[in-house]
Amino acid sequence: SLCAAAEPNLSYHELKDLKKASVLHIDVRERWEIDRFGKIPESINIPLGELVEALQMDPMEFKEQYNQKMPSKSDPVVFSCLAGTRSKQALGFAMSLGFS
């Protein structure tokens, strides 16, 4: 299940369309879930337990750790997980840190 502030639930096809517009896709599943169920193409994995710390990192440190440019607070970001619960938590965390 996928989650974004403007549209709390997105389909896979909607996400594919959004990715064409340079949306950062953060998969908040645990690493073992990625290993077991597979990685979503062009997503970055930041487990939910690391997300708050990651979103407050120095941009250079974020790039080094996740091999991706750190999003600004106004950049479009989509969170995903297996069932939708963690992606909604991730959205709440990001918004509490000032992400729009």
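Please state which one of Pro71, Pro47 is at pLDDT 90 or above, open to solvent by less than 20 Å² (accessible area, probe 1.4 Å) and within 18 Å of Ser100 (Cα to Cα).
Pro71
When the range 1-40 is examined, which residues are found to be under 13 Å from the mean Cα position of the chain (by Cα), modelled with pLDDT of 85 or more and open to solvent by 50 Å² or more (accessible area, probe 1.4 Å)?
Glu30, Lys39
Hey, among the residues in the range 74-97 that are open to solvent by less than 20 Å² (accessible area, probe 1.4 Å) and part of a loop (DSSP other than H, G, I, E, B), which one's nearest to Glu30 (Cα to Cα)?
Cys81
Could you give me the residue pairs with C-beta distances under 8 Å whose first residue belongs to the range 27-50 and is free of Cβ contacts under 8 Å to residues at least 24 places away in the same chain, whose second residue is of a type outside the set (Val, Ile, Thr) and assigned to a strand (DSSP E or B) wherever it lies, and which are 6+ apart or on separate chains?
So the pair list comes out as Arg31/Asn45; Ile34/Asp27; Ile34/Asn45; Lys39/Asp27; Lys39/Asn45; Glu42/His25; Asn45/Asp27; Ile46/Asp27.
The values are calculated or read from the model by the stated rules, or taken from the named source; none is laboratory data. It should be emphasised that the depicted structure is a prediction, and the values quoted were computed from it without experimental measurement. Cβ atoms come from the backbone with ideal geometry, glycine included; neighbour counts cover every protein chain shown. SASA here: full protein model, heavy atoms, side chains in, ligands and nucleic acids out. Shrake-Rupley method; radii C 1.70, N 1.55, O 1.52, S 1.80 Å.
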